[in-house]
Amino acid sequence: MLEDDDFALFRDAVKGAKQIKQNTFVPKNTPKRKVSEVRELSEKADTLFYFSDEYEPLLTEENEKVRYRREDIDPYILKQLRRGDFHPELFLDLHGLTREQAKKELASLILACEREQVYCASIMTGYGTRALKYQIPRWLVQHPKVIALHQAPREWGGDAAILILVEQRDKDENFKR
């Protein structure tokens, strides 16, 4: 009984009201890209933009141990890298890869370091023909996120590996996005 009274009261209250026409916005079905496709495009863009084969940087090579630091970074950081004060959290093995594959893998590594907030990574170049061992530092110094690199100490691969330090965003910036 009470329900009937409520319905009657409602009908009396809305008597004479005009029915609103429903305008529904239907978005176009644009296919969303998969995360892997977006990542691949980003890596390809980094590879094409940052890693030039023609750029010849002024790298310090002392006893065939390659080292580099960005100008705005304290020189002491190279000594810390040489001594093994930094422990790499990500490792990239480039054995058996072509130059183009190695470029893509380097771009992936730097993106992964940024995404995972990894400061130090190790790149294993091996010896082989020394083509990658010679070229990889020349590519790395071109990337703005690489702040320093040094031939790895013995415990992290020695002459067959390079340690890199990757610039990290402030934690506050991560929360703003």
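The values are calculated or read from the model by the stated rules, or taken from the named source; none is laboratory data. Not measured: the values here are computed from a predicted model. Here the Cβ is made from the backbone with ideal geometry for all residues, glycine too, and neighbour counts use every protein chain on show.
Residues in the range 146-171 that are buried (at least 18 other Cβ atoms within 10 Å of the Cβ) and at negative phi: 14 in all.
Is it the case that the range 116-125 has a residue that's among the small types (G, A, S), crowded, with 17+ Cβ neighbours inside 10 Å and in contact with an Asp or Glu (Cβ under 8 Å, 6 or more places away or on another chain)? Don't jump to the end; show me each part of the working.
As a first pass, look at the range 116-125 and keep what is among the small types (G, A, S): 121-122.
With the extra rule that they be crowded, with 17+ Cβ neighbours inside 10 Å, the set shrinks to 121-122.
Filter once more, so that each one left must be in contact with an Asp or Glu (Cβ under 8 Å, 6 or more places away or on another chain): 121.
Looking for residues that are among the small types (G, A, S), crowded, with 17+ Cβ neighbours inside 10 Å and in contact with an Asp or Glu (Cβ under 8 Å, 6 or more places away or on another chain), one finds at least one in the range 116-125, hence yes.
Restricting Y50, Y68 to residues that are surrounded by 11 or more Cβ atoms within 10 Å (Cβ to Cβ), of a type in the set (F, W, Y), at pLDDT 70 or above and under 30 Å from D159 (Cα atoms) narrows the list to Y68.
Within the range 101-119, residues that are on the phi > 0 side of the Ramachandran plot reach partners that are at pLDDT below 90 and surrounded by fewer than 17 Cβ atoms within 10 Å (Cβ to Cβ) with beta carbons closer than 9 Å, at six or more positions or on different chains, in the pairs Q117/Q168; Q117/R169; Q117/K171; Q117/N174.
Run R138 past the list (1) assigned to a helix (DSSP H, G or I); (2) touching a helix residue (DSSP H, G or I) at 6+ places or on another chain (Cβ under 9 Å) and report the number of the one that doesn't hold. Going through the list (1) assigned to a helix (DSSP H, G or I); (2) touching a helix residue (DSSP H, G or I) at 6+ places or on another chain (Cβ under 9 Å), R138 breaks only (2). Within the range 91-110, the set of residues being surrounded by 14 or more Cβ atoms within 10 Å (Cβ to Cβ) and of a type in the set (S, T, Y) comprises just one member, S108. Whether a residue is modelled with pLDDT of 90 or more and either in contact with a helix residue (DSSP H, G or I) (Cβ under 6 Å, 6 or more places away or on another chain) or farther than 23 Å from H87 by Cβ (or both) was assessed, and L163 passes this test. Across the range 100-151, which residue is nearest to the chain's Cα centre (by Cα) among those that are over 19 Å from I73 (Cα atoms) and among the small types (G, A, S)? For the range 100-151, the residue satisfying everything is A112.
One line per residue, one yes/no per condition, for (1) within 30 Å of Q142 (Cβ to Cβ); (2) at pLDDT below 80; (3) more than 59 Å from the chain's Cα centre (by Cα):
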residue: D4; (1), (2), (3): no, yes, yes
residue: F10; (1), (2), (3): no, no, yes
residue: K15; (1), (2), (3): no, no, yes
residue: S42; (1), (2), (3): yes, yes, no
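Just so you know, in the range 73-90 the residues that are in contact (Cβ under 8 Å) with a residue 12 or more places away in the chain and touching a helix residue (DSSP H, G or I) at 6+ places or on another chain (Cβ under 9 Å) include one that is surrounded by the fewest Cβ atoms within 10 Å (Cβ to Cβ), and it is H87.
Applying the selection to the range 95-134, what residues are of a type in the set (V, I, T) and outside any helix (DSSP H, G or I)? Walk me through it before giving the result.
Looking only at the range 95-134, we keep the residues that are of a type in the set (V, I, T), and these are 98, 110, 118, 123, 125, 129.
T98, V118, I123, T125, T129, listed by residue number.
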